[in-house]
Structures are given as structure tokens and as C-alpha cells.
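Please read the structure below before turning to the comments.
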Amino acid sequence: MKRPVTSGAETTNPAAPSAPAAPSTPFSATGSVADPAAAPAPGLDGIPRQRPLTVSAEGAHLAAAESVPAAAERAPSTTGSARPLPARLRSVRPWRLFPTPTGTPFTFGYAVVLAVTSVVAEYADPHLVDRVLQASSTDVAHLAQSPVRVLVASALWIAGGLTSAYVIAFLLVLTALERRIGGWRTAGVFLLGHGLATLATEIPVGLSVLVGHLPESSLHRYDYGISFGVAASVGALAGLLRPWLRWTVLAVFGWMVVGDLIAFTDPMTNWGHTMALAIGVATWPLLRRVSSRTTTGTRETPRTARACP
């Protein structure tokens, strides 16, 4: 058996396959040419050396790109509470339910006048207030003498004062109506319901006195307030709402009116509320066209106008 030949620190086994020659130009870990001074000494070839790590530039970029998403997943989320709200929630502005000087000038100015007259009626001399209310009443006697004056004057007072339920209805309903059709048209709807419902209830009283079915004192009964105008505005606004909300508003307000008629405490006034509500409903075709032009600036089809929010 042939013994291996050894020379210094190097051992040569002729039976083992020869190892591949090391590259003549070693590279560093960054892919650049290694420093010749860092190469091993010629007499130390028998000492095992670590294989140099070679990473190309493309591999480094790929590893960095893969590590970024992983680090983002491990990092705690700091923007979870800043998620944007849906478009419907961002468009909700509760303050638009009430009148403002610039957004709804008619409703706002009218509300200020009603607040002043209510304070006067509450704190002024009772005898003075009684005379003013009597002069503002839309009874048959005053309507026969000066109908325009008393129709306007009677709408400056709230029957029941600021605690009346019609105060809240006035603010919410007229504000919503004015934002859809404008101030002048809202004033027209209010005065139309107020005037026509007043005439529809007072003319039968005058005829009944004339034929002897009612005493002559019925010609001077108190009749003032904003309830007829508010009822007409409720009916008009319902036509501009979405179907489910429209019929809900009409059902609730209609139930209140029918309940008052069943109670029969003030039948003439309660019939006036029913007539005013019907007058407001009769304005739907005109107001839907007006609302569609005001909202979009163009004419819309009746189906689109009925779906106007």
C-alpha cells in the first residue's frame, strides 16, 4: 500500500479527488473585488477557510423589498382611529335642522318675530294683550272689514305661547322646506295655507249666523296663530321627502289632526288644520318641479324629484 506524501502542513492523498482551484480573483460580500492583502498566505492552504458570501445587487434589493411588508405587519397600527367616515355620515349636519340668518332668512326672521310677540304676550299687561289679540283675530267681523290686515296680524302670534308643540314643528318644518324651495316660496306656502284655511272655517260661521244657526257672538270669536300655516307647510314638505319618510310624516300629523276632531274640543280650528294639510299636499306637483331645479339646476323627471332627500 502506497503511503501518502506529506509536505509541511499540507497532506496529499492521491486517492482523493482533487479540489477545485480557488478563484484567482476573490470577491467580497458586496460583490466587489477583495483586497489582495486580505487573501490567505501561500503556506496556509491546508487550513479550512469559510466560503466567502457573495450577494448580488439585485438580490439585496429583493430582500429589502420583501422585508418592508413584513415589518409593516409586525409594527403596531397607529392610524386605526383615523379611518375616514362614510360619505353619508360626513354629510350629516344636525345644525341644518334649525334656521340660520344666511341659510334660511325667512324662517329665522319669522322665528325672531314670534319670539318677541310671545314674550310680549307673556309679560305685558293682560288687558293690553287682550285688546291686541282681539284686533288681530281673523273672525268674521274683522275679515269683512280689513281681511289682509288681520290675516297678516293673526300670523304674528302663537296660540299657547312658546310652550306650544307648533313652535318645534314651525322651526323644523319651515327650515327644511326653505332649504329645498327657497324663502319666498316657503312664505307663499305658509300664507296660502293660513289664508285659505282661515276663510274656509270662518265663512261657514258667518253663513250660520246669517241663517240663525249660531248666535251673533260667533262673529267676534278669537282666531289667531300659526297652526294653519304650519299644517300647510307639513303637507308641502312631505311631498319632497323620500316615500318612507313622506308617509310617516303624513301618518303622524294626520293622526294628530284626526284625534283632535274626534275629541271635538274646537271643531272649527281642527277642521282648519285638516284643510291646511290638504292645501299643502295639493302643492306637490309645483313644489317638486321647483325643488328639482333648485337642487340640481336642471329639470328632473318626476320620479327623481319625488326621491329628493
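In order along the stretch 198-203, the Karplus-derived 3J(HN,Hα) couplings, from 6.51 cos²θ - 1.76 cosθ + 1.60 at θ = phi - 60°, round to 5, 5, 5, 9, 8, 4 Hz, and Gly and Pro are given as x. Other residues with beta-carbon under 14 Å from the beta-carbon of ILE158 carry, at +1 per Lys or Arg and -1 per Asp or Glu, a net charge of -2. Of the solvent-accessible surface of the stretch 188-298, computed with a 1.4 Å probe over protein heavy atoms with every protein chain present, carbon and sulfur atoms account for 73 percent. Over the stretch 171-226, accessible surface divided per residue gives 48 Å², non-protein components excluded, 1.4 Å probe. Relative to the globular-protein estimate of 2.2 N^0.38 Å, the Cα radius of gyration of the stretch 203-291 stands at 1.31. Taking a ≥ b ≥ c as the square roots of the Cα gyration tensor eigenvalues, the stretch 104-195 comes out oblate, since a/c reaches at least 1.5 and a/b does not exceed b/c.
The values are calculated or read from the model by the stated rules, or taken from the named source; none is laboratory data. What you see is a predicted model; the values in this text were computed from it and never measured. When we count neighbours, we look across all protein chains shown, and the Cβ atoms used for this are built from the backbone with ideal geometry, even at glycine. Accessible surface is based on the protein model in full, side chains and every heavy atom, while ligands, DNA and RNA are left aside. Shrake-Rupley method; radii C 1.70, N 1.55, O 1.52, S 1.80 Å.
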